Structures are given as C-alpha cells and as structure tokens.
Amino acid sequence: MSQSVLLNRRSFMAASLAGGAVLTFDASVVLAAAGTAPPEVLNAFVRINADNTVTIGAKNPEIGQGIKVMLPMLIAEELDLAWEQVRIEQTDADETRFGPQVAGGSTATPRNWLPMRQVGAAARAMLVAAAAKQWGVDAATLTTAKGAVLHKASGKSLTYTSLAKAAASEATPDLAKVPLKDPATFTIIGQSKPGIDVPKIVKGEPLFGIDTRLPGMVHAAVVKCPAHGGTVASFDDAAVKAIPGVLAVVPVNSGFVAEGKADTVLIIADSWWKASKAREKLAVKWDDSAVNGFSTAKYEADAAALISSAPQGSLFKAGNADAALASAATVVKADYDYPFLAHATLEPQNCTALFQDGKLEIWAPSQAPAGGRADTAKFCGLTPEALTIHMTRIGGGFGRRLMNDYMVIAGQAAKALPGKPVKVLFDRTDDFRHDFYRPAGWHRFTAGLDASGALVALKNHFVTFGKDGKPLRAAQMTPAEFPVPVVANVDLGVSYMATNLATGWLRAPSSNAMAFVFQSFLDEVAEAAGLDLPELMRRTLGAPREVPGERVAFHTGRARGVIDAVCKMAGWTGRQKGRGFGFYFSHLGYFAEVVDVTVTNGAVKVDKVWMAGDVGSQIINPINALHQSQGAAIEGLGQAMLGQKLVQEAGAITAENFGDFALMRIDAVPREITVEFVKTDFPPTGLGEPALPPVIPALANAIYAATGKRHRRLPLEML
C-alpha cells in the first residue's frame, strides 16, 4: 500500500507510507521568500523507519568538507533524535526538491543553518500535534526525546514511527515561526560526529565517482589538444578502430570552445586499458595557431612591462593616496607575485553516463551538479529535465569540480552509444594539463607611514589575466582586501593580460594568493614602523566596529579577537627568530595564524602552527571543524613551500604528474597544528576555506624572521 498527502500553506509537506516493514515519511518544504524576491526553495528528506531509526537525506556534494554529516545534524537536533537513531543517505541532485546543492564558497553553513533546523523543527511539531490528538491533550504539555513524544503527566510515550502516518495529515507549521531549540539544550549540534563514509574509505570500498560500476559498462579515454583552446582540425581513427575492443571514436566539445567545434576526441573501448593504449594510435591534427603563442616566459615579460606602467584601470580609490604618500614620513615599496596553480585532486576527473529512451542518467562527482545538468543538457541536445544525476562522493574538489566539463563529455559519449553506460576517465596527465587553473598575479605595493608609524596610504598595481577590461574567472581583487577598508587613502589599479588557459576557483579563491601578498607586505610595513605585524594590525584596525563592504561587512572587533587569541595561544612576544604571523578575512570567517619554522642549510621545516578562527556563535561538528582547519593549513603550506607552480610552453601546461607538482607528505607536515575557535554572537559560517589563506604569509614571514631574507614570490624558493 502506498499513500501520499500534499498539504499547501506557505509550505507543503508530502508524506508517504510504504508497505512491508518500513514506514516512510518524506518531508519537502518550499518557503516563500520575504518581500518581492523570488521564492527560495528549501528541502529536507526524512524517512522514519519501522525500527524508529530515521534516515536523513544529505543534499549537498561531499568533497571531504563533512557536509554529509553536518546538514543531517541540524535536522536531527530539532527533530529531537538520539544520534544513534540517525541514518544518512546521499540524495540525488535535484534543486527543485532539495534547494541549492553546491560545494563551494563555504556557503553551506550560513545558507542552511536556520532552514535545516526549521525543517527538523516543523517535522517534530507535526509529530507532537499528532500525539496530542491521539491522547486528547494540549500539545504544549508534550515533550520529545530520542525519537519519541512524551506526556509527562500520564507517563505515556509514542515513538515517531507509530505517529508518522498521523503526523502527515497535520497542518505544516509556518517555518518562520516554528520554535527552535535554545542552543543551551543542544545534544547533537556542538558534539563531534565522525564522517559517515570513513569506514568505507578505510576499507577501500566503492564510494567515489571513479568507483562507479554498472552492468555492461564501457570506458572512454580522452585525447585533448595540448594547447588550451585548440580544436580538432581532422583526425584519422582507422588504426584505432582496428584494435579489438575499441567500440567508437567520438569527437566532442568539452564546453570550453565555441559551439560546433570539437576540442576532445573520445576513444571508447570495452576496458579502460584498451581505450587508454589506443590513444597512441590516433592521429589528430589540431587547429591551435591562435593559442600556441602563450607561455610562462611571455607572461613574465609582459607583466614586468605592465607593472612598471600606469594601470589600465582603477579597482578602487579613497582619499588621495598620492598626496598622502608625498607627505608620508616613511614610504615602503615592494613587488610580489604568484604562479598558476592546479587543483591536483587525488581522484582524477571522471563521470559515468547512460543514455537510453531519450533520457540521460549520470553518476558524477560534481561540486555543482545543477550547473552540470544545464551544460550537459545543452551539449547533448536534451532538456535539463531529461537528466537524472546521482551524486557520488568526491575524491578532492578544491573548486575543480565546480566546472563540469567531464559531465559534458560523458553525456556526449553516452549519446554516441545508447544503452551502454560509458565511464569517462582522465588520466593524471589529462588532469594536470586540462585543469581550470588558479590564475597567476603580480602586485606592486607602495605604503606610507606618518611620523607616529600609522599607516596612512596604500597603493597597489595588480597585474593579472582578463578580457575586455574584466578579470577572468578567479582573477578578481576587491576593496575588501585588508587593510583597504580601514585606510583613509587608497589607490588600487589593475592591468590585464590575455591567456588561453582556462581559469577557475581554487580553495579560498583569490584569498589564497591575496593573503600572501598583502600580509607579507604588511609585515614589511610593520618592520618599517618599528612594530611587529600583530601590533600594526591592532593599531590599523582601531576601535571595534563594522566597516561596510562591497558585498559583506568587515568587523574590526572580530579581527582583533582572533589576533589576540592566536598571540596568546602561541605566546607571541614580538618579533622572534623563525616565527611569523598572518591574518585574513574571507568567506565570512576571520582567522589569524602563527607559524614556527626552522631553516637548516636552506631547508625549511615547519615546526608548529597555531590557528585562531571566528566563524560565529556555533561550531556544529567540532571534530570536523578541527580537521578542516588543519587540512587547510597543510594545503596552504604545500602551495607555498613545495615548489607548486605550473609552467606553460606553446600554449600547453608541461606538468604530467605529482613529480612536477608535489603535494604535502606526512614527513613534512608540522608536528602540531593547534586550533581554537573564538565564539561570537554572529551566525555560524563555513570553514572549508577561510583557514587556508593566512598560513601562507605566516610561513613567509617566519622564514624572513629566521633568515633575514624576504620572499616575495610563490612558491617560496630558499636557494
């Protein structure tokens, strides 16, 4: 027997009861936004099982950030469950049911903190209402605990399972008014909950996109133009098709070149090995004359010429920086730069797709499946509704999987072989050479100090990559860069160069580079003022206040809070040999960090890292918050000290594997990374990104404190 009930008010809740041993209770909630803004769609999926366990759908992509546990924690808390009752399942990608489903920008916490709790609280209220009717008592006399409704006066209790059907017929509470728990009574939020997928990861069981196995599945290897933006002029596949097991050779558009062009040739075979080896037999002529003139050497030469000239445009001006510098007691100048970076995910890009009966089914490790749906539908000539997207766990994203070229390719591969599931897999070289890279940048700073050592003027000429007077993706710099919001006289100029490389967001986009250049330069300014960097920061921040920003406000008091906290943690007493400091505000999080290093014969060893972060009033899952922060520090240190940089020749990236782009290994990881959170009365925010940026300048400043040599270029080179 099955039954469903739809209830419309400002929201609707659908409930269904399935026959057999399991009762199901599906809750999907649509809220009308305040004012005239379009409705914001929110959704939760809750299933109450026959044994009074509750299955909660995890709606966002899991890339290791812990969201697969965190979002269900919010619902479970307000549903008043014991954590042991909770079962978690990954939902499919369907924003019409589940609301925004994206892993990016550290947005999941601020976006879901209240809505997910409201969904849980609404479901609890309906269960309570159902119990009240059954007992003939006032709902206000009832309480809940561990998946049961309780009536203290009579000593009666009913499990959620026994109430699920009746609850489905109750009116849905107004989510904006449904009572939420007092944080002082939380029993799940604020308690460490381990990752739900950890057992499978430890045992190597199938979990990630690359683990997808389907009956009759075939495999596709990619052949791509070495120079980004190059297209297929012609190809000869006779030798490839003669190989036993090769099923098809298919030219496709990955979405990076103009419609009607192909930049990728797929070789589809009955095994990955055959498909990969067959690439050696494929003869392709590329049309790359427009893009093979780009190289790292040319960028360096062009940037040097541009940065010595007047900026092409202005990003921001306040006061009169030139006049303030002319009258300054001390002027500090320095140039900084950083290279292109790859995401270097351990799981290479992959996607499996099946096309049959006019429908396309996809298994994708995507950070942004909604974008992938739209792009794939477009290049496959389908409507978005014709696609079903199963979200798999992601073996490293860092922003790479916000771009869905692998989905677009897999969709076209499946259309070429209807009825056969096709898995597209990049090998490691494909991955390095066809990433969406963190753009390089060059900065020329000038700062002015008055006679008291106060920072009174700041100029920065930023050279990066753009087109038509606008920055390419992830090449932006904004007036939010500290200390811009709190300095009276500022002049930020910009000049753009062209590149053929695809650019994209790398964990803590822009901030991962801006923190290095601004905080390293400020360390120079502080030294010129006779101060250490924390003290210069405190004096520049001034009194606690909120400074309006372009998109978000900057709170000087919160910045001061983490600076003071980390200095206390580390026992900071001023400039010390081998010790450096860095601060940064990004993705609504404030972090200050101290790094201790030892430099021996030019080799840097990071001894210890202290981190203080302010991400609001509540740490939802402490163990995950700790690991996110520690992981961010390790990733940032790797970017700075392992030689990570990409070299481009004749339009193509030269890196082939991790031998050309090293990641941090266990023996280089600091022996201790200590993390503390400064709680404030602000709404909780995300942790995936803001902890990373400040560790890089803290490291560079520590090396300067150890050696007296100022490093103004990433990666840091000790020779």
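The values are calculated or read from the model by the stated rules, or taken from the named source; none is laboratory data. Nothing here was measured: the structure is a model prediction, and the numbers come from that model. Virtual Cβ from ideal backbone geometry, glycine too; neighbours counted across all protein chains shown. With ligands, DNA and RNA removed, areas are computed over all heavy atoms of the protein, side chains included. Shrake-Rupley method; radii C 1.70, N 1.55, O 1.52, S 1.80 Å.
Tabulated data for the structure shown
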item: Options Ala301, Ala269: the member that is within 30 Å of Asp335 (Cβ to Cβ) and free of Cβ contacts under 8 Å to residues at least 60 places away in the same chain; result: Ala301
item: Selection from the stretch 130-161 of residues that are in contact with a strand residue (DSSP E or B) (Cβ under 9 Å, 6 or more places away or on another chain), free of Cβ contacts under 8 Å to residues at least 60 places away in the same chain and either open to solvent by less than 10 Å² (accessible area, probe 1.4 Å) or part of a helix (DSSP H, G or I) (or both); result: Ala130, Ala131, Ala132, Gln134, Trp135, Thr141, Val149
item: Cross-chain or 6+ apart pairs with Cβ under 6 Å, the stretch 332-346 first and within 14 Å of Ala655 (Cβ to Cβ) and touching a residue at least 12 places away in the same chain (Cβ under 8 Å), then open to solvent by less than 10 Å² (accessible area, probe 1.4 Å) and among the β-branched types (Val, Ile, Thr); result: none
item: One residue from Val240, Val246 being under 27 Å from Ala377 (Cα atoms) and of a type in the set (Val, Ile, Thr); result: Val246
item: Residues satisfying the stated conditions in the stretch 398-408, i.e. in a helix (DSSP H, G or I) and open to solvent by less than 30 Å² (accessible area, probe 1.4 Å); result: Arg400, Arg401, Asp405, Tyr406, Met407, Val408
item: Some residue of the stretch 89-107 being among the basic types (Lys, Arg) and modelled with pLDDT under 90; result: yes
item: The stretch 401-453, residues that are on the phi > 0 side of the Ramachandran plot and touching a Ser or Thr at 6+ places or on another chain (Cβ under 6 Å); result: none
item: Residues located in the stretch 508-535, provided they are of a type in the set (A, V, I, L, M) and either on the phi > 0 side of the Ramachandran plot or open to solvent by 10 Å² or more (accessible area, probe 1.4 Å) (or both); result: Ala508, Ala528, Ala529, Leu531
item: Selection within the stretch 247-302 - more than 20 Å from Glu649 (Cβ to Cβ), open to solvent by 40 Å² or more (accessible area, probe 1.4 Å) and aliphatic (A, V, I, L, M); result: Leu247, Ala258, Ala283
item: Lone unmet requirement of (1) touching a residue at least 60 places away in the same chain (Cβ under 8 Å); (2) open to solvent by less than 10 Å² (accessible area, probe 1.4 Å); (3) small (Gly, Ala, Ser); (4) not in a loop (DSSP other than H, G, I, E, B) for Ala377; result: (1)
item: Subset of the stretch 187-214 (residues that are more than 30 Å from Thr429 (Cβ to Cβ) and surrounded by fewer than 17 Cβ atoms within 10 Å (Cβ to Cβ)); result: Thr187, Gly190, Gln191, Ser192, Pro194, Val198, Pro199
item: Any hit, the stretch 449-471, residues being open to solvent by 10 Å² or more (accessible area, probe 1.4 Å), under 28 Å from Phe398 (Cβ atoms), touching a residue at least 12 places away in the same chain (Cβ under 8 Å) and hydrophobic (A, V, I, L, M, F, W, C); result: no
item: Residue identified as of a type outside the set (A, V, I, L, M) and either in contact with a helix residue (DSSP H, G or I) (Cβ under 7 Å, 6 or more places away or on another chain) or closer than 17 Å to Leu163 by Cα (or both) among Thr96, Thr109, Thr53; result: Thr53
item: Members of the stretch 162-186 that are open to solvent by 70 Å² or more (accessible area, probe 1.4 Å) and in contact with a helix residue (DSSP H, G or I) (Cβ under 7 Å, 6 or more places away or on another chain); result: Pro179
item: Members of the stretch 339-362 found to be of a type outside the set (Lys, Arg), open to solvent by 10 Å² or more (accessible area, probe 1.4 Å) and assigned to a strand (DSSP E or B), listed by number; result: Leu354, Phe355, Gln356, Glu361
item: Residue within the stretch 620-631 that is over 18 Å from the mean Cα position of the chain (by Cα), open to solvent by 20 Å² or more (accessible area, probe 1.4 Å) and within 21 Å of Gln191 (Cα to Cα) present; result: yes
item: Any hit, the stretch 14-26, residues being open to solvent by less than 50 Å² (accessible area, probe 1.4 Å), on the phi > 0 side of the Ramachandran plot and either aromatic (Phe, Trp, Tyr) or at pLDDT 50 or above (or both); result: no
item: Of all residues in the stretch 346-387 being within 13 Å of Asp92 (Cβ to Cβ) and among the aliphatic types (A, V, I, L, M), the one that is farthest from the chain's Cα centre (by Cα); result: Leu387
item: Pairs, first at negative phi and open to solvent by 40 Å² or more (accessible area, probe 1.4 Å) in the stretch 656-679, second among the basic types (Lys, Arg) and not in a strand (DSSP E or B), C-beta under 6 Å, six or more apart; result: Asn657/Arg428
item: Filtered residue count, the stretch 422-448, keeping only those that are farther than 28 Å from Gly504 by Cα and open to solvent by 10 Å² or more (accessible area, probe 1.4 Å); result: 1
item: Pairs, first open to solvent by 100 Å² or more (accessible area, probe 1.4 Å) in the stretch 536-552, second modelled with pLDDT of 95 or more and β-branched (Val, Ile, Thr), C-beta under 7 Å, six or more apart; result: Pro544/Thr556
